[in-house]
There are 2 protein chains.
Amino acid sequence: MDKQEILQNLINAYAEAYQNLGYSSLMGKIVALLIASPEPQSLDQISETLQMSKGPVSQIARKLKEHQLIEKVWIPGERKDYYRAVPDIFGRAFANYASSMRRNRRLGEQFEELALSQPQQDAQLEHLAVRMNEMKRFYELMDEHNRLFLETWQEKVKPELA
Amino acid sequence: MDKQEILQNLINAYAEAYQNLGYSSLMGKIVALLIASPEPQSLDQISETLQMSKGPVSQIARKLKEHQLIEKVWIPGERKDYYRAVPDIFGRAFANYASSMRRNRRLGEQFEELALSQPQQDAQLEHLAVRMNEMKRFYELMDEHNRLFLETWQEKVKPELA
DNA sequence: TTGTTCGTTTGAAAACTTTCAAATGTTAAG
DNA sequence: CTTAACATTTGAAAGTTTTCAAACGAACAA
């Protein structure tokens with residue numbers, strides 16, 4: 001397997017992984033390409049490599065930038081935008097996930113509250129309150145672990161960033 | 001807000017959360033309904049409550065059962081299938097997630113290997129190897145934390161299960 | 001057996017998403 | 001100010017997913 005093929009395979013694997021996680025496969029492809037590229041890539045280079053027209057690449061690149069997985073870099077004397085993966089892209093992706101888990105925690109809190117605040121209680125409401133309490137506790141504990149994990153990772157990685 | 005509305009809101013919130021995570025919103029609705037129900041629900045009850053025909057409900061219920069988020073219960077003297085959320089549904093959902101993260105770890109391992117095994121090295125391959133090594137280490141550490149989290153949670157929950 | 005009550009499968013319709021090509025903005029150089 | 005080189009937006013076409021109604025098949029009851 002030569003270099004070209006390795007890159008193709010990586011792009012494919014990422015496309016599939018992203019799709020499995022419910023994102024567009026193009027998103028995975030762009031991420032894979034930028035992770036694998038030592039040099040920042042222009043929109044043209046990206047769409048050329050991925051054989052996609054610039055429209056979708058531009059849109060997905062913007063979304064990825066919003067989610068802080070990639071960033072634009074300015075290259076002196078160049079008018080094009082160049083993109084690269086952010087330095088700690090894995091940590092960043094995880095931080096995004098952790099924040100969506102915090103929403104679940106809030107759901108648990110909110111609905112436990114609601115169930116308990118009803119004037120006339122019954123088996124159904126009581127059951128709901130118990131389940132929502134479980135949900136709340138689950139995501140609270142998860143959040144603690146998430147923070148700890150990210151912290152541990154960033155301490156391990158920090159030397160590399162310097 | 002009355003009981004009916006609370007349930008509606010919960011179902012909606014789950015539908016949205018599931019959709020954000022890239023699953024079908026019906027999946028979230030069924031999960032929410034079963035979490036909120038003290039009694040197991042039949043397919044008919046589910047499709048009645050959710051105002052959906054039986055076809056999709058049947059299919060999605062099967063998928064949820066495959067992922068072990070819900071289970072069939074046998075009710076003596078009844079011919080219908082009854083479903084309920086599994087006892088530790090949050091833990092189970094997390095275990096599924098953790099296992100998809102383990103796939104990412106394997107990707108990192110695999111592509112690091114590939115990049116290093118190329119006969120003629122260059123900057124691009126070297127860069128790839130470094131990035132894939134980072135990926136591998138990230139998901140290894142994550143896996144450790146995931147295990148720890150689940151274990152901690154299950155110890156806390158076990159008393160409730162008895 | 002035969003009829004009834006279920007769950008599942010199927011095929012078509014509707015809704016949604018992805019993609020492209022072309023038009024429109026935007027920025028910087030001349 | 002004008003032009004050139006870009007990125008972004010838009011609207012239409014293609015592809016995909018979700019949904020339903022109806023047909024099918026399995027299991028049970030009589």
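Listed values, structure above:
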| item | result |
| --- | --- |
| Condition met for residue A:59 (open to solvent by 20 Å² or more (accessible area, probe 1.4 Å), more than 14 Å from every other protein chain (Cβ to nearest Cβ) and either under 14 Å from the mean Cα position of the chain (by Cα) or within 15 Å of DNA strand D (Cβ to nearest atom) (or both)) | yes |
| Residues located in the stretch B:1-34, provided they are within 15 Å of DNA strand C (Cβ to nearest atom), open to solvent by 70 Å² or more (accessible area, probe 1.4 Å) and either more than 11 Å from chain A (Cβ to nearest Cβ) or part of a helix (DSSP H, G or I) (or both) | B:12, B:16, B:19, B:20 |
| Meets criteria (within 14 Å of DNA strand D (Cβ to nearest atom) and either crowded, with 16+ Cβ neighbours inside 10 Å or over 13 Å from the mean Cα position of the chain (by Cα) (or both)) for residue A:65 | no |
| Selection from the stretch B:48-70 of residues that are within 8 Å of DNA strand C (Cβ to nearest atom) and under 18 Å from residue B:87 (Cβ atoms) | B:61 |
| Among (1) more than 12 Å from chain B (Cβ to nearest Cβ); (2) farther than 30 Å from residue A:141 by Cα; (3) without any contact (Cβ under 8 Å) to a residue 40 or more places away in the chain - the single one residue A:69 does not satisfy | (2) |
| Residues satisfying the stated conditions in the stretch B:35-56, i.e. more than 10 Å from chain A (Cβ to nearest Cβ) and among the hydrophobic types (A, V, I, L, M, F, W, C) | B:43, B:46, B:50, B:52 |
| Verdict on residue A:82 being open to solvent by 20 Å² or more (accessible area, probe 1.4 Å) and more than 9 Å from DNA strand D (Cβ to nearest atom) | no |
| Flag for residue A:115 being within 15 Å of the chain's Cα centre (by Cα), at pLDDT 95 or above and not assigned by TED's automatic domain parsing to the domain that holds residue A:66 | no |
| Candidates B:52, B:142, B:135, B:101 - the one that is free of Cβ contacts under 8 Å to residues at least 40 places away in the same chain and under 30 Å from residue A:8 (Cβ atoms) | B:135 |
| Of all residues in the stretch B:35-44 being part of a helix (DSSP H, G or I) and within 16 Å of DNA strand D (Cβ to nearest atom), the one that is farthest from the chain's Cα centre (by Cα) | B:44 |
| Qualifying residue in the stretch A:20-29 (condition: closer than 30 Å to residue B:7 by Cα and among the hydrophobic types (A, V, I, L, M, F, W, C)) | yes |
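The values are calculated or read from the model by the stated rules, or taken from the named source; none is laboratory data. Because the structure is a prediction, the values reported are computed rather than measured. Methodologically, a virtual Cβ is constructed for each residue, glycine included, from the backbone with ideal geometry; neighbour enumeration extends over all protein chains shown. Keep in mind that these areas ignore ligands, DNA and RNA; they rest on the heavy atoms of the full protein, side chains included. Shrake-Rupley method; radii C 1.70, N 1.55, O 1.52, S 1.80 Å.
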